[in-house]
Amino acid sequence: MTQLILFEEIENETCILLAQRINPNKDFYLKLNGPGGKVIHEKNENIDVCVIRECFEEAKIVLRNEKLLKIHEETCYSTKEWKAEPCLQKEASYIVTLAIYLHLLEEPPKHTEPHTLGPWNLYKMKDLLKHRNELVPILEENIELIDGKIKAYEQDILNLPINAQKLEEIKIKIEKQPQRTQETFNFLNDIELEIPEEEIPEIVDEQFPVLVLNFGKLSSYEIQTLIKYKKKIQESIRPLRRIEHKIQIIEKSYKGFKYLSIFDKIERKIIAQKFGENPTIAELSKDNTILRNTIFEFEIHKSSTNKLTYLKLRLSKDQTQINGTTNGKQTWEFFRKNYSKLPLI
């Protein structure tokens, strides 16, 4: 599977071309991605040809081979054919390869697949670094890499400096395309009107969603009422924020030491002082107090991007039966071989 980053520099800002996935029946609904897709194995298509074909099909842009740069490739075992869901080799049905390519944006895109993708738009890299959770997982995980590779792209690939006039023409053409989220910004007409805060009425909670839905069509006066409403909300939740923060600290410590339940009570304080919060399997394996043949119940915790994050271990009540599923029962040796670097909760 391929993802292409088409980029350009506008007023010293790196911008990349992305579209929103708008088909609710497909994976990563409402996430942003670049042109790309799946290799056609039946036609013996290779991964470089795939990204060129997909870019033309989705945006009607023809890539030049000499300017196409692969910056990332990873392969993992997966339970699904067209989605990277990392798993153990023995559990896998497929091997999925993900690749990211770079290419300079040299012509305006066309909106060719309105049933699956929203319009193509330019997004500033600095904004994507702050809001990476809006990207498809492969881009979310590698956005810093993409940023660095774009900065080095010109000296690695191009012999001539980027044509500033050509890029400005592309920018103008893209801006002329209809934008799905374009707004009118009525407040620009009376933005100079600044009303003293004490004269602004307080809105009730029921009014808030109505005003927010009219974003872009609000007057300066209505926006000032929302700002006053925001201050009121901030004042009311500030004490709760402090309480929430204290509880989060307690919760973190509690979960970080939950692994101690696999040890005898008399040993727990010593183990806690020795290993602290969330030790890894490898670290605990150095301690002789672990019962190597003991059977543990376990759960694998994953992040939103399907990366393994934590291993939850508890002593199994049934010490006679083992199963090898993702969440099941196993011995310490199994965890040492397969999940030695995972921290425990």
Residue in the range 232-270 that is farthest from Thr280 (Cα to Cα), counting only those that are charged (D, E, K, R) and open to solvent by less than 90 Å² (accessible area, probe 1.4 Å):
Glu244
Have a look at Glu11, Glu57 and point out the one that is farther than 19 Å from Thr116 by Cβ and out of contact with any Lys or Arg (no Cβ under 9 Å at 6 or more places or on another chain).
Glu11
Contacts under 7 angstrom Cβ, first residue in the range 252-268 being farther than 9 Å from Leu313 by Cα, partner of a type in the set (D, E, K, R) and surrounded by fewer than 17 Cβ atoms within 10 Å (Cβ to Cβ), 6 or more apart:
Ser253/Glu277; Gly256/Glu277; Phe257/Glu277; Leu260/Arg268
Could you pull out the residue among Leu226, Leu193, Leu218 that is surrounded by 12 or more Cβ atoms within 10 Å (Cβ to Cβ) and outside any helix (DSSP H, G or I)?
Leu218
Considering (1) under 21 Å from Thr305 (Cβ atoms); (2) in contact (Cβ under 8 Å) with a residue 60 or more places away in the chain; (3) not small (Gly, Ala, Ser), say which one Cys15 fails and leave the rest.
(1)
Counted residues, the range 1-29 - those being outside any strand (DSSP E or B) and touching a Gly at 6+ places or on another chain (Cβ under 6 Å)
1
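State all residues of the range 18-32 that are on the phi < 0 side of the Ramachandran plot and either open to solvent by less than 10 Å² (accessible area, probe 1.4 Å) or in contact (Cβ under 8 Å) with a residue 12 or more places away in the chain (or both); if no residue qualifies, say none.
Filtering the range 18-32 for residues on the phi < 0 side of the Ramachandran plot gives 18-27, 29, 31-32.
Within the range 18-32, Leu18, Ala19, Gln20, Arg21, Ile22, Asn23, Lys26, Asp27, Lys31, Leu32 qualify.
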Single unsatisfied condition, Glu199 versus (1) over 30 Å from Ile345 (Cα atoms); (2) under 28 Å from the mean Cα position of the chain (by Cα):
(2)
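So, restricting to helices (runs of 4 or more DSSP H) that lie completely within the range 33-147, which ones have at least 1 residues that are surrounded by fewer than 16 Cβ atoms within 10 Å (Cβ to Cβ)?
On the way: elements: 47-59, 125-130, 137-141.
Here the list reads 47-59, 125-130.
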Return the pair list, or none, for Cβ contacts closer than 8 Å from residues in the range 322-341 that are among the small types (Gly, Ala, Ser) to residues that are modelled with pLDDT under 85 and in a helix (DSSP H, G or I), at least 6 apart or on different chains.
Gly324/Lys90
Exactly one condition in (1) in a strand (DSSP E or B); (2) at pLDDT below 90 is not met by Gln155; state its number.
(1)
Picking from Lys246, Lys232, Lys173, Lys228, which residue would you name as being under 31 Å from the mean Cα position of the chain (by Cα) and modelled with pLDDT of 85 or more?
Lys246
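The values are calculated or read from the model by the stated rules, or taken from the named source; none is laboratory data. Treat the numbers as computed from the prediction; the structure is a model and nothing was measured. In this analysis, Cβ positions are derived from the backbone assuming ideal geometry, glycine residues included, and neighbour counts consider all displayed protein chains. These area figures cover heavy atoms from the full protein model, side chains too; ligands, DNA and RNA do not enter into them. Shrake-Rupley method; radii C 1.70, N 1.55, O 1.52, S 1.80 Å.
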